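Colleague: Can you read through this structure? Questions will come right after.
Nothing in this text is a laboratory measurement; each read-out follows from the coordinates by a stated rule. In this text, all values refer to a predicted model and were calculated from it rather than measured experimentally. Neighbour counts run over all protein chains shown; Cβ positions are idealised from the backbone, glycine included.
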Amino acid sequence: MVKGTFIDSLLHRPSYGWKDENDALVIPTSKQLWSEAFSRINVFKSKKNWISFVSFAMLAGMLPFFFLFLFRYFSWYLVIAIVVYSMLIMGTHGTIWFHRYCTHRSYGFSHPLWRIITQNLVIKTVPEEIYVISHHVHHCKSDEPGDPYNSQAGLLYCMLAEYNHQRVSPDLNENDHKKALHFMEHTGVKLNSYSAYQKWGSITSPAYAIGIWVLNWSFWFLIFFLFGGLALACAIFTAALLWFTGIRAFNYTGHGGGKEKHKDGVDFDRSNLSINQTRPGLLAGEWHNNHHLFPGSARAGFLPGQLDLAWIYIYTLRKLKMVAWYKDSKKEFLKKYGEKG
């Protein structure tokens, strides 16, 4: 983690600010949050809003599938498919790809092909840049002013964080731009030069982000359509919409809804409000308090009963020689906290 003024200035400051004159967290009103969000997706106001607009366009693009499923293709069998794909498959993939690889680089692929396959194992809903850059700030400033999804500011603050708080600042100097590139250079995402960054206000190339989105959606729509017709395609894209919503809600619930909810023998990191939750843990390997203790670990399920499907995927790929290396902090965790569990 890189701390100090770089981290403090890395994200695009919202109009209401991170903290007040007394260094206390600013808790904006709902009106302020919605106003900020609409301003940030307005590409007519500035083309530097393109990445927020693309994220919004992904949401808008999934809505027709949701309505078609709800009013034309609804069945309880497809509801089961939606729950499994959203919570289990997409949830685990989010941990594998965005969290443990893209952000924390807790493991490395032996060949770019395995990285590309892993990146596109599910329907794409989040540009990597939005997740990765802001998540580094989150770890440096967890539950403090400047944390892009500070749960103490409320659920809507977290739900709209992708638009309001997670964007890279458009005003980085060339040296800080190079530092920001370092967070992303291993992901395979095509990155902007400094001059392109000044033009577009992003680390990621717009052509790359839009191109991979279109290819990913086209591929998965075709696959699900061939296997189950429009009904299955609509259901699975509805599942992607559910995950799109759920991951934003997790930023709130994963830190106790802004309250201290640590449990003795379960949550050992008391430096922030993160907690280990059973459902995200079992379904996606997201044992969040463990992760805050050892963010660079490819495994976060350390205690008995803490199933970690993301780790199983990474470990399996290592056995198949598709993953070249990984970092596993379980022994370190047990040495420090095992007797307290």
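Colleague: Taking interchain pairs and intrachain pairs at least six residues apart, which have beta carbon atoms under 6 angstrom, with the first residue in region 107-131 and assigned to a strand (DSSP E or B) and the second surrounded by fewer than 22 Cβ atoms within 10 Å (Cβ to Cβ)?
Modeller: Note: pairs meeting the criteria are TYR107/TYR326; GLY108/ALA324; GLY108/TRP325; PHE109/ARG115.
Colleague: Could we say that GLY246 is surrounded by fewer than 19 Cβ atoms within 10 Å (Cβ to Cβ) and part of a loop (DSSP other than H, G, I, E, B) here?
Modeller: Against the criterion (surrounded by fewer than 19 Cβ atoms within 10 Å (Cβ to Cβ) and part of a loop (DSSP other than H, G, I, E, B)), GLY246 does not qualify.
To keep it simple, each residue is scored yes or no on (1) among the charged types (D, E, K, R); (2) without any contact (Cβ under 8 Å) to a residue 12 or more places away in the chain; (3) touching an Asp or Glu at 6+ places or on another chain (Cβ under 9 Å).
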site: GLN277; (1), (2), (3): no, no, yes
site: LEU283; (1), (2), (3): no, no, no
site: LEU293; (1), (2), (3): no, no, yes
site: SER297; (1), (2), (3): no, no, yes
site: LEU303; (1), (2), (3): no, no, no
site: LEU307; (1), (2), (3): no, no, no
site: TYR313; (1), (2), (3): no, no, no
site: ALA324; (1), (2), (3): no, no, no
site: GLU332; (1), (2), (3): yes, no, no
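Colleague: Got a sec? Which of LEU63, LEU33 is in contact (Cβ under 8 Å) with a residue 60 or more places away in the chain, assigned to a helix (DSSP H, G or I) and farther than 25 Å from GLN152 by Cβ? I'd like the intermediate steps shown before the answer.
Modeller: Numbers: LEU33 fails: farther than 25 Å from GLN152 by Cβ.
None of the others qualify; the one that does is LEU63.
Colleague: Of all residues in region 75-91, which are over 15 Å from the mean Cα position of the chain (by Cα) and either in a helix (DSSP H, G or I) or surrounded by 15 or more Cβ atoms within 10 Å (Cβ to Cβ) (or both)?
Modeller: Residues of region 75-91 over 15 Å from the mean Cα position of the chain (by Cα): 75-85, 88.
Within region 75-91, TRP76, TYR77, LEU78, VAL79, ILE80, ALA81, ILE82, VAL83, VAL84, TYR85, LEU88 meet the criteria.
Colleague: Kindly indicate the residue of region 57-74 that is under 24 Å from the mean Cα position of the chain (by Cα) and crowded, with 19+ Cβ neighbours inside 10 Å and also farthest from GLY285 (Cα to Cα) among those meeting that condition.
Modeller: Taking the candidates together, the pick is PHE65.
Colleague: Same structure again: Identify, by number, the condition in (1) touching a residue at least 24 places away in the same chain (Cβ under 8 Å); (2) more than 19 Å from the chain's Cα centre (by Cα); (3) closer than 23 Å to HIS104 by Cβ that ASN192 doesn't meet.
Modeller: Going through the list (1) touching a residue at least 24 places away in the same chain (Cβ under 8 Å); (2) more than 19 Å from the chain's Cα centre (by Cα); (3) closer than 23 Å to HIS104 by Cβ, ASN192 breaks only (1).
Colleague: Let me ask something additional. Filter region 282-341 down to the residues that are touching a strand residue (DSSP E or B) at 6+ places or on another chain (Cβ under 9 Å) and of a type in the set (S, T, N, Q) and list them by number.
Modeller: ASN289, ASN290, SER297, GLN306, THR316
Colleague: Another question, then. Consider CYS102 against the criteria (1) part of a loop (DSSP other than H, G, I, E, B); (2) in contact with a Ser or Thr (Cβ under 7 Å, 6 or more places away or on another chain): it satisfies all of them except one. Which criterion is unmet?
Modeller: Unmet for CYS102, out of (1) part of a loop (DSSP other than H, G, I, E, B); (2) in contact with a Ser or Thr (Cβ under 7 Å, 6 or more places away or on another chain): (1).
Colleague: Next question, about the same structure. Could you count how many residues in region 309-336 are more than 15 Å from HIS93 (Cβ to Cβ) and among the polar types (S, T, N, Q)?
Modeller: The number of residues fulfilling the criteria is 1.
Colleague: Under the condition of being under 21 Å from PHE53 (Cα atoms) and hydrophobic (A, V, I, L, M, F, W, C), which residue from region 181-201 is surrounded by the fewest Cβ atoms within 10 Å (Cβ to Cβ)?
Modeller: Among those residues, the one meeting the criterion is ALA196.
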